[in-house]
Amino acid sequence: MGTNRTALITDASHPAAAAIAARLESEGITVINNYPRRSDKGAIGEVSNGYAFDTWSLADMKMLLDTIISKRSGVSYLIHTDNVILRSKLEDISEQDFKKALDYNAKSAFITTKVFGEHMAQKRDGAIIYLSTLHDEKPTGCAFAYSTAKGAVKMLCKEIALFYGRKGVRANVIEADYMEEQRELLDSFLSPFNYDAETKIPLKRLVKAEDIAGVVSFLISKDAAFINGADIRLDGGHMLYYGDR
């Protein structure tokens, strides 16, 4: 599967990104690690195949694609991992912060898809994975701009699956629960929502980065060749929880 194939991880600072990269590289896929929201644009010397370009900027993403093509044959897999939580209440959030939440989470998905999706469509081969959250469906109660943006990404995926599916490019969403690697966040920022989370998850643990990496690997593989426009919920059954027996 991985011979001469390249995957782009749009935000390599995501807590699952390193595990995804390791899994794909073990399968022979070259991984490009991008780091948005940095002041030093361009190649990052200390990171293997590392770059710093803003994912919500059309000019930046075109530059990144041109850079990759100059070094390799192109990109076969787009893995959108941009995930920025801005805590906000409807009555308090500023227009600027609302736009920032949409730029970081939803516009980044649109721009990266526009650039790299069209690139893959021209080759009539490839796959797009949007690593999202349960909050593309379930409200957060404390970060409505974030969940609004993720809901937009979910519908974007379905539109892309319909449009680019006809050109040989599949698109799917992974709706991941909060991760073991985010436990510090759970214990502070979101503790009211996730209080005693393990008792609310039938499998009695939080999702791990390796769980996500395995699903990404499957969705871009030939075994998933007929999966297009799907929402893969990775929550151990959390969303089914109603009350203790």
Only one of (1) exposed (fewer than 14 other Cβ atoms within 10 Å of the Cβ); (2) touching a residue at least 24 places away in the same chain (Cβ under 8 Å) is not met by Thr30, so which one is it?
-> (1)
Is it the case that region 94-112 has a residue that's touching a Lys or Arg at 6+ places or on another chain (Cβ under 8 Å), farther than 30 Å from Asp211 by Cβ and assigned to a helix (DSSP H, G or I)?
-> no
Looking at Gly126, is it touching a residue at least 40 places away in the same chain (Cβ under 8 Å), on the phi > 0 side of the Ramachandran plot and crowded, with 23+ Cβ neighbours inside 10 Å?
-> yes
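Going by the structure shown, is Glu95 farther than 26 Å from Ala145 by Cα, of a type outside the set (Gly, Ala, Ser) and either touching a residue at least 24 places away in the same chain (Cβ under 8 Å) or out of contact with any Pro (no Cβ under 8 Å at 6 or more places or on another chain) (or both)?
Considered against the rule, which asks whether it is farther than 26 Å from Ala145 by Cα, of a type outside the set (Gly, Ala, Ser) and either touching a residue at least 24 places away in the same chain (Cβ under 8 Å) or out of contact with any Pro (no Cβ under 8 Å at 6 or more places or on another chain) (or both), Glu95 comes out as no.
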Got at least one residue in region 3-20 being part of a loop (DSSP other than H, G, I, E, B), of a type in the set (Val, Ile, Thr) and surrounded by fewer than 20 Cβ atoms within 10 Å (Cβ to Cβ)?
-> yes
Scanning region 117-156 residue by residue, those at pLDDT 95 or above, assigned to a strand (DSSP E or B) and over 12 Å from the mean Cα position of the chain (by Cα) turn out to be Gly126, Ala127
All positions within region 23-71 that are more than 16 Å from the chain's Cα centre (by Cα), in a helix (DSSP H, G or I) and more than 28 Å from Ala101 (Cα to Cα) | Glu25, Ser26, Ile69, Ser70, Lys71
From the set of residues in region 78-105 that are of a type in the set (A, V, I, L, M) and under 23 Å from the mean Cα position of the chain (by Cα), which is farthest from Ile160 (Cα to Cα)?
-> Leu86
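For the condition buried (at least 17 other Cβ atoms within 10 Å of the Cβ), in a loop (DSSP other than H, G, I, E, B) and out of contact with any Asp or Glu (no Cβ under 7 Å at 6 or more places or on another chain), what is the one hit in Ile79, Ile85?
On inspection, the qualifying residue turns out to be Ile85.
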Restricted to region 171-203 and to residues being in a helix (DSSP H, G or I) and either among the acidic types (Asp, Glu) or in contact with a strand residue (DSSP E or B) (Cβ under 7 Å, 6 or more places away or on another chain) (or both), the residue modelled with the highest pLDDT is Glu180
Quick one: which residue in Ile44, Ile111, Ile93 is surrounded by 17 or more Cβ atoms within 10 Å (Cβ to Cβ) and in contact with a strand residue (DSSP E or B) (Cβ under 9 Å, 6 or more places away or on another chain)?
-> Ile44
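Hey, could you check region 157-168 for residues that are in contact (Cβ under 8 Å) with a residue 12 or more places away in the chain and within 17 Å of the chain's Cα centre (by Cα) and say which is farthest from Leu102 (Cα to Cα)?
Among those that are in contact (Cβ under 8 Å) with a residue 12 or more places away in the chain and within 17 Å of the chain's Cα centre (by Cα), it is Ala161.
The values are calculated or read from the model by the stated rules, or taken from the named source; none is laboratory data. Source: prediction; values computed, not measured. Every residue, glycine as well, gets a Cβ built from its backbone with ideal geometry; the counts of neighbours run over all protein chains shown.
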